[in-house]
Each structure stands twice: as C-alpha cells, then as structure tokens.
1. Might you let me know whether segment 60-77 holds any residue that is within 30 Å of Phe132 (Cα to Cα) and either touching a His at 6+ places or on another chain (Cβ under 6 Å) or not assigned by TED's automatic domain parsing to the domain that holds Phe132 (or both)?
2. Can we say Ser19 is over 22 Å from Ala110 (Cβ atoms), of a type in the set (Ser, Thr, Tyr) and at pLDDT below 95?
3. Return yes when Ser86 is surrounded by 13 or more Cβ atoms within 10 Å (Cβ to Cβ), of a type outside the set (Phe, Trp, Tyr), out of contact with any Phe, Trp or Tyr (no Cβ under 7 Å at 6 or more places or on another chain) and on the phi > 0 side of the Ramachandran plot and no when it is not.
4. Of the residues Lys120, Lys128, which is more than 18 Å from the chain's Cα centre (by Cα) and part of a loop (DSSP other than H, G, I, E, B)?
5. Only strands (runs of 3 or more DSSP E) wholly contained in segment 1-53 count here; list those with 3 or more residues that are of a type outside the set (Val, Ile, Thr), in contact with a strand residue (DSSP E or B) (Cβ under 7 Å, 6 or more places away or on another chain) and surrounded by 10 or more Cβ atoms within 10 Å (Cβ to Cβ).
6. Quick one: how many residues across segment 56-112 are more than 30 Å from Tyr38 (Cβ to Cβ) and in a helix (DSSP H, G or I)?
Amino acid sequence: MTPEKIVENHKKYILQSWSKQASINPIAVARAEGIYFYDYDGNRYSDMSSQLVNLNLGYGNKAIGDAIKEQVDRFCYIGPSFAAESRSTLAEMVIKLLPDLFGKVFFTNAGADANENAVKIARMYTGKNKIFSRYRSYCVLPAGYGKIPAGSGIERL
C-alpha cells in the first residue's frame, strides 16, 4: 500500500481522537526504532511522548519483541479468570518490587478501566464512598464515569 493510500484510508475509515476530523493530516509511518519513527520518505521523527505514553521502552526492543512472539505462539490472549504463566510470572515480579503490605496485582486494559477498579478497591478498602477528582482531568473521574450511581458521593467542588 502506498503512503498516500494509507493516509487516505486513515482519514476515510478511522475516527481519530483529540482532533478535528476535517483538518487531520496524519504521517504514514513506515518503521520505527529506538526513540525514532520514520515516514515513507525516510524522514526521522523523535518520539518525545512515547506515543500515548505507553511505549517508553523504545521501538524495536528485541527482548520485548521476542517475548511477544513467544507468547503469541502459545496464545495471544486469555481472559483474566484463567491462569496464564506469563501473567502469573509478571504479577510475582511486580509484587516482589513492592513493600510487604502489597499482596496482589490487578491488571487492567486502560486508564478508564484502571480508574473504575481503583474506585472499587478504594471503597472496599476504606468503606467510604466519596471520590475526589480533578474537574475535566484526563482519564479520571467524574466525567463519563457511568458505573457510580447518582448520589453516590461524586460532587463538583
């Protein structure tokens, strides 16, 4: 596929977040390595934000790529209610890095999911219902948090 066709399809079929759709002009990315990504003309771009702040170990990290390939050969995904060696090993590694009062890890998919479950855990642990949040903060309560019923303690300060 040509870079022009990639951009054309992106604009036609993808709703891009944080953007006015009519004015987007995405860069077609051909490859990436370390902290850089490259377009199809060979121009190099420094990725100063780790994409969506989730790629801070760099592009093309061989150890990560090899681990992903090994896992894909076993299975790509298994739900959280099933035990998987990779998830169990990672959980143990995380717990060993934390103070003794931490006993379990709770893996989530994204910020909203993490926040929803953090609220549940905090309520379970403290027995309290009020949630303190910054107004219009990114990926944080209260805007859009549909799982907390009306009158549950979320208030605008």
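1. So far as segment 60-77 goes, no, none of its residues is within 30 Å of Phe132 (Cα to Cα) and either touching a His at 6+ places or on another chain (Cβ under 6 Å) or not assigned by TED's automatic domain parsing to the domain that holds Phe132 (or both).
2. no
3. Considered against the rule, which asks whether it is surrounded by 13 or more Cβ atoms within 10 Å (Cβ to Cβ), of a type outside the set (Phe, Trp, Tyr), out of contact with any Phe, Trp or Tyr (no Cβ under 7 Å at 6 or more places or on another chain) and on the phi > 0 side of the Ramachandran plot, Ser86 comes out as no.
4. Lys128
5. Correct list: 29-33, 36-39.
6. Total satisfying the criteria: 15.
The values are calculated or read from the model by the stated rules, or taken from the named source; none is laboratory data. Just so you know, these numbers come straight off a predicted model, no measurement behind them. So basically every Cβ, Gly included, is an ideal-geometry build from the backbone, and we count neighbours across all protein chains shown.
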